[in-house]
Amino acid sequence: MASYMFEIVELADGYVGLRRAGDEGEPLIRIKFSREASNYLQESRIEVVKAMIEAGMEIFGDLAEDDASLESLLEPESRILH
């Protein structure tokens with residue numbers, strides 16, 4: 001399985017993005033806070049983004065594990081016919 005380093009970046013359009021380190025392309029994730037939320041959070045905004053991304057990655061990992069176990073049940077070589 002490929003391993004990637006990611007970086008959180010502030011984008012020119014006001015969004016905060018997650019992308020592969022060193023990649024200047026389209027971010028994998030974009031998060032935008034309202035002006036009111038940004039004013040309230042101030043410097044803590046990036047910490048909130050980190051927490052949101054970590055929670056999303058945890059759920060993504062759980063879903064991937066569920067999909068892998070479901071796929072193993074459906075693969076023909078994993079079934080034994082008698």
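Taken together, the values in this text are just the output of simple stated rules run on the coordinates, not laboratory data. Treat the numbers as computed from the prediction; the structure is a model and nothing was measured. So basically every Cβ, Gly included, is an ideal-geometry build from the backbone, and we count neighbours across all protein chains shown.
Structure notes:
- Label-point separation in nm, E47 to A64, each point 7 Å along Cα→Cβ: 2.8 nm
- For F6, nonlocal amide neighbours, meaning residues 5 or more places apart or on other chains whose placed amide H falls under 5 Å from its own, are A21.
- Under the Karplus curve 6.51 cos²θ - 1.76 cosθ + 1.60, θ = phi - 60°, whole-Hz ³J(HN,Hα) for segment 33-39, x wherever Gly or Pro sits: 9, 5, 4, 4, 5, 4, 5
- Applying the Karplus relation 6.51 cos²θ - 1.76 cosθ + 1.60 with θ = phi - 60° to segment 45-56 yields 3J(HN,Hα) values of 4, 5, 5, 5, 4, 4, 5, 5, 5, 4, 5, x Hz, where x marks Gly and Pro.
- Along segment 9-26 the Karplus relation, 6.51 cos²θ - 1.76 cosθ + 1.60 evaluated at θ = phi - 60°, assigns HN-Hα couplings of 10, 8, 9, 4, 8, x, 7, 10, x, 10, 8, 5, 4, x, 8, 9, x, 4 Hz to successive residues, with x for each Gly and Pro.
- Counting 0.36 nm for each residue step from E7 to E26 and taking away their Cα separation leaves a gain of 5.6 nm.
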